[in-house]
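Enquirer: Let me begin by handing over the structure; questions about it come next.
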Amino acid sequence: MNKLEVQDLHKRYGSHEVIKGVSLTAKAGDVISIIGSSGSGKSTFLRCINLLEQPHAGKILLNNEELKLVPNKDGGLKAADARQLQRMRSRLSMVFQHFNLWSHMTALQNIIEAPVHVLGVSKKEALEKAEHYLAKVGVSHRKDAYPGHMSGGEQ
């Protein structure tokens, strides 16, 4: 069974098409590398998959469930069902090239932000899980540190 399938994805900025009919199929356990020069659309493609950017055409399926897309006023595609998008986003993740930690928030605050505000997890539960995982990777002593005061490895 395909875990993730992207079919004929297109994205443009004005008249400049940056993603031109890209398709991808990933099965459980697959490791996929997306390689290209700077500015070739790698990050844009990944952001389109979880609708951080709106594609202009294509299909996105996760666990054989198609993300229902409808046209928006700018000609792009948006999710027809916000709950479906939230459910699908909870099963997809991206690792950014540069850490995207909020500099004004502590390590612990950064960790609980998405579970609380995206997944609707209670703050208490998110804190318990965050502290568990900080301990698991040996940085629980840094939970109150701000990213600017942490090494790259600690971040």
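The values are calculated or read from the model by the stated rules, or taken from the named source; none is laboratory data. Because the structure is predicted, anything quoted here is derived from the model rather than measured. Positions of Cβ are generated from backbone atoms using ideal geometry, with glycine treated the same way; all protein chains shown enter the neighbour counts.
Enquirer: Can you pull out every residue in the stretch 1-40 that is outside any strand (DSSP E or B) and either at pLDDT 95 or above or in contact with a helix residue (DSSP H, G or I) (Cβ under 6 Å, 6 or more places away or on another chain) (or both)? Even if it seems obvious, please write down each step before you answer.
Expert: Step one: filter the stretch 1-40 for residues outside any strand (DSSP E or B), giving 1, 14-15, 28-40.
If the condition is that a residue be outside any strand (DSSP E or B) and either at pLDDT 95 or above or in contact with a helix residue (DSSP H, G or I) (Cβ under 6 Å, 6 or more places away or on another chain) (or both), then 34, 36 are the ones that fit.
Enquirer: Evaluate the following for residue 145: is it among the aliphatic types (A, V, I, L, M), part of a loop (DSSP other than H, G, I, E, B) and over 19 Å from the mean Cα position of the chain (by Cα)? Talk me through it step by step, then tell me what you get.
Expert: Numbers: among the aliphatic types (A, V, I, L, M): yes; part of a loop (DSSP other than H, G, I, E, B): yes; over 19 Å from the mean Cα position of the chain (by Cα): yes.
So residue 145 passes the test.
Enquirer: Okay, moving on. Among the residues of the stretch 113-121, is there at least one that is surrounded by fewer than 16 Cβ atoms within 10 Å (Cβ to Cβ) and at positive phi?
Expert: Yes, the conditions are met somewhere in the stretch 113-121.
Enquirer: In this structure, is residue 58 surrounded by 17 or more Cβ atoms within 10 Å (Cβ to Cβ), part of a strand (DSSP E or B) and over 15 Å from the mean Cα position of the chain (by Cα)? Walk me through how you get there before you give the answer.
Expert: On the way: surrounded by 17 or more Cβ atoms within 10 Å (Cβ to Cβ): yes; part of a strand (DSSP E or B): yes; over 15 Å from the mean Cα position of the chain (by Cα): yes.
Against the criterion (surrounded by 17 or more Cβ atoms within 10 Å (Cβ to Cβ), part of a strand (DSSP E or B) and over 15 Å from the mean Cα position of the chain (by Cα)), residue 58 qualifies.
Enquirer: Give just the number: which of (1) touching a residue at least 40 places away in the same chain (Cβ under 8 Å); (2) within 22 Å of residue 1 (Cβ to Cβ); (3) not β-branched (Val, Ile, Thr) does residue 53 not satisfy?
Expert: Condition not satisfied by residue 53: (2).
Enquirer: Scan the stretch 79-99 and give yes if some residue there is outside the structural domain of residue 118 (by TED's automatic domain parsing) and either more than 18 Å from the chain's Cα centre (by Cα) or in a strand (DSSP E or B) (or both), otherwise no.
Expert: yes
Enquirer: Let me ask something else about it. Kindly evaluate residue 103 against the criterion of being loosely packed, with under 12 Cβ neighbours inside 10 Å and in contact with a helix residue (DSSP H, G or I) (Cβ under 6 Å, 6 or more places away or on another chain). Lay out the reasoning, then the answer.
Expert: Values: loosely packed, with under 12 Cβ neighbours inside 10 Å: yes; in contact with a helix residue (DSSP H, G or I) (Cβ under 6 Å, 6 or more places away or on another chain): yes.
It is true that residue 103 is loosely packed, with under 12 Cβ neighbours inside 10 Å and in contact with a helix residue (DSSP H, G or I) (Cβ under 6 Å, 6 or more places away or on another chain).
Enquirer: On to the next question. Does the stretch 11-54 hold any residues that are surrounded by 10 or more Cβ atoms within 10 Å (Cβ to Cβ) and over 27 Å from residue 118 (Cβ atoms), and which are they?
Expert: Scanning the stretch 11-54 gives 12, 17, 20, 21, 23, 36, 40.
Enquirer: On to the next question. Look at residue 106 and say whether it is free of Cβ contacts under 8 Å to residues at least 60 places away in the same chain and either acidic (Asp, Glu) or out of contact with any strand residue (DSSP E or B) (no Cβ under 6 Å at 6 or more places or on another chain) (or both).
Expert: On the way: free of Cβ contacts under 8 Å to residues at least 60 places away in the same chain: yes; either acidic (Asp, Glu) or out of contact with any strand residue (DSSP E or B) (no Cβ under 6 Å at 6 or more places or on another chain) (or both): yes.
Considered against the rule, which asks whether it is free of Cβ contacts under 8 Å to residues at least 60 places away in the same chain and either acidic (Asp, Glu) or out of contact with any strand residue (DSSP E or B) (no Cβ under 6 Å at 6 or more places or on another chain) (or both), residue 106 comes out as yes.
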